[in-house]
Structures are given as C-alpha cells and as structure tokens.
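Notes follow the structure.
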Amino acid sequence: MSKPIIVAIDAMGGDMAPDMVVAGVASARVQYPEIRYRLYGDGGRLEALIGDDAALSKACDIVHTDTVVTSDDKPSQALRRGRESSMGLAIQAVKDGEANVAISAGNTGALMALSKFMLRMLPGIDRPALISPMPTLRGESVMLDLGANIECSTENLVQFAIMGAAYANAVLGLKTPKVCLLNVGSEDLKGNDRVKDAAEILKGLDGLPIEYGGYIEGDAIGRGEADVIVTDGFTGNIALKTMEGTAKFVGAMLRQAFESSLSSKLGYVLSRSAMQALSDHLNPNNHNGGVFLGLNGLVVKSHGGADASGFASAVTTAIDLVRHDMQQQISDNLKYLSDTLDAA
C-alpha cells in the first residue's frame, strides 16, 4: 500500500490493559517497524508505559480519553456513552479514514454493538460474523460464526462462507481455502433445511476462489479437514468453548500424570521439548485475533485475557488483513454471488 498502515487501538480494553497493550505494540513494532499506531486511553499512563523507548514513541500517537467501556457494560450502555470511550474513538478513527483497522481486547458485546452502529454493514451482508483461527493437527483453521448471531438463515451461512474464505486467504495465506458447513453428519440428507440450502448454493459458486468441501462433523475440526468451518453463532460458540475446555482438561491431566511418581517426573524431563511444543500450539495467545466480518471497516477482537504476546498476535492479524485488502476481496466475491443468484 502506498500510504502507511495506521492501527487504532483501544488501549484500555482487556484484563491487563494498558500494560499488555503497550507491551504487545512494542513487540509488534519490532516485526513491523513501518506501521503506525494510535493509542486511545489514559494519556498519562500510556506515556509512562512507553517511557524512554524512542522508537516506540515515534511509532505511536496517544489520544487521551477518560471514558472506558468496562467488562460489565451492556451493549445498550456502550451505545449511549461509549462513542467517546477509548473503544469508540478507535472505531471512529476507522470510520473517518484516519486508521485502517481498530483493535480492542475489551467487552465483546459492546465492541460488536459500537462497531455495527458506527461502521454499518458492507453492501450485500445482512449480519456481521465473528471469526477466529484455531489450532488443528495440520496447523490452523478458522471458524465462523463464533457467537455474534445465534440464529442464521441460508443467506447468512453463504455470506459467512464467502467472508471466511477471504479471511483465510489474508491471514492463513490460502489461495483456495477448503470451506465446509458444520453439520450433524457428512451425508447429504443430514442437517436442517438452512444448511442443506446453503450447501446447494455453495456447490454452484465455481467462479470463486473457494473449494467447497461439503459437510464436516465436530470431531473432524481438530484434524484440520477444513480450512474454513461455517456455522451459526450458537453452535460455533459451543464448539469453540468445548475445544478450549478440552485443551485445558488435557493439559491438566498431563500435569497430574507427570507429577504422580518419580519415573513420571523423569519422563517429563525427557519429553519437555515436545510438551512445550504442544503447549505452544494449543495456547490461545498464539492464535489470538478474532475479526468482525461484514462491517464497512476492519475491527479485530483480542482475547480479554491476552498477555503481551497474545495482543501482538492480534496486531499481526490486523496488519495482514489490511495488507491483503480483505475488505475488497469480500466485496468482489459478494458481487459474484449476487450476479450468480440473479442469473439462476
């Protein structure tokens, strides 16, 4: 891109903000020294955290605000008074063209409400969807929706598939991602009418950079049998939380097993490098950076409990989305979908 990428950041969102935000930006700056950042929040605290780091200070502009959206605020409260908050100002910067993307580790419901209200939807999109990468045996896959829409129509699922494919191209570097619909079975007769109808539409979109792979069951997600898994927000959120809980359960059981005897402790010492590799792969901080797709602007959601490394991952995701012009990819693919359905 000819102009420098500017990332707007809600510096007060997250369990460990603003410390982990500034530390995360500092880490990302080393990898991407050409990126500029706008940090919205308590100016005094942010300046103190940046301190004598001249390179970081040069890359960051601080915009002071005393207003913060808390984790307890309801979306309706955020809409009433959140536009002048650190979260709202970061989104406003994207709306005004002063930043390419906004990032927040704050209240998810408030972030969704403010983003949808301030940015509106892309033409051809009915609802936004929350997407995030997840670890698999083959590397990473992405799934959407993860909770933004409890109920979805056939049209919503098809739109999610198109947006998810564009995300996989930008973040995972896949030219033709394999897209599958999450279902209760792999047979064509399985599933409700919404899923079946979405499958028929996706089968006919030969002109898009998408490989439609049919249905996928829950046990195949972790095996990495699909690059993009499409479902409604109710099912997607349960699937995500189940996977995260299972990873923690397995980790806890392994720790108990290794501590159970002297020989087990010796076994841990011998296998420590392999165990660390497993831990790193399953660590949510290493797969951080959910995105609200379908908005007329880019908004990235970091885990609220992310540490500096996790927040840096979210920043990296945001930069990838801008660099690969994901918004334009989505718009082009939606136009093809509209033309195809009109011609049918």
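Computed quantities for the displayed model
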{"quantity": "Count, lysine Cα pairs under 22 Å in segment 159-270, 8 or more residues apart or across chains", "calculated": "6"}
{"quantity": "Packing-based ranking, highest mean first, of 145-153, 323-331 given that Cβ atoms within 10 Å are counted", "calculated": "145-153, 323-331"}
{"quantity": "Two-site label geometry, residue 96 and residue 47: point separation in nm, points 7 Å out along Cα→Cβ", "calculated": "2.0"}
{"quantity": "Relative contact order of the chain, pairs being alpha-carbon contacts under 8 Å that are 6 or more residues apart, as %", "calculated": "23"}
{"quantity": "Under 5 Å, built H, 5+ apart or other chain: amide partners of residue 147", "calculated": "130, 233, 237"}
{"quantity": "Cα centroid of segment 67-91 to Cα centroid of segment 210-261, whole Å", "calculated": "32"}
{"quantity": "Carbon plus sulfur fraction of accessible area for the chain, probe 1.4 Å, in percent", "calculated": "52"}
{"quantity": "Whole-Hz ³J(HN,Hα) from phi, Karplus 6.51 cos²θ - 1.76 cosθ + 1.60, for segment 153-165, glycine and proline x", "calculated": "8, 4, 4, 4, 5, 5, 4, 4, 4, 5, 5, x, 5"}
{"quantity": "Cα gyration tensor category, rounded, prolate or oblate, for segment 59-104 with a/c compared to 1.5", "calculated": "prolate"}
{"quantity": "Efficiency of FRET between residue 339 and residue 77 - r from beta-carbon atoms, R0 35 angstrom, step 0.05", "calculated": "0.25"}
{"quantity": "Accessible area of the chain divided out per residue, in Å², using a probe of 1.4 angstrom", "calculated": "46"}
{"quantity": "Most mobile of 16, 143, 112 in a GNM of the chain (Cα contacts under 10 Å)", "calculated": "16"}
{"quantity": "Candidates 51, 224, 233: whichever shows maximal mean-square fluctuation once the chain is modelled as a Gaussian network with Cα springs under 10 Å", "calculated": "51"}
{"quantity": "Compactness of segment 59-185, expressed as Rg and Dmax over alpha-carbon positions, Å", "calculated": "16.6, 52"}
{"quantity": "Per-residue HN-Hα couplings for segment 224-231 [Karplus 6.51, -1.76, 1.60; θ = phi - 60°; Hz; x = Gly/Pro]", "calculated": "x, 6, 9, 7, 10, 10, 10, 7"}
{"quantity": "Cα gyration tensor shape for segment 127-240, rounded if a/c is under 1.5, else prolate or oblate", "calculated": "rounded"}
{"quantity": "Kirkwood Rh and Cα Rg combined as Rg over Rh, evaluated for the chain", "calculated": "0.99"}
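The values are calculated or read from the model by the stated rules, or taken from the named source; none is laboratory data. Only a predicted model underlies this, so the values are computations on that prediction, with no experimental measurement involved. All Cβ positions, glycine included, derive from the backbone under ideal geometry; neighbour counts span all protein chains shown. Note: accessible area is taken over every heavy atom of the protein model, side chains too, but ligands, DNA and RNA are not part of it. Shrake-Rupley method; radii C 1.70, N 1.55, O 1.52, S 1.80 Å.
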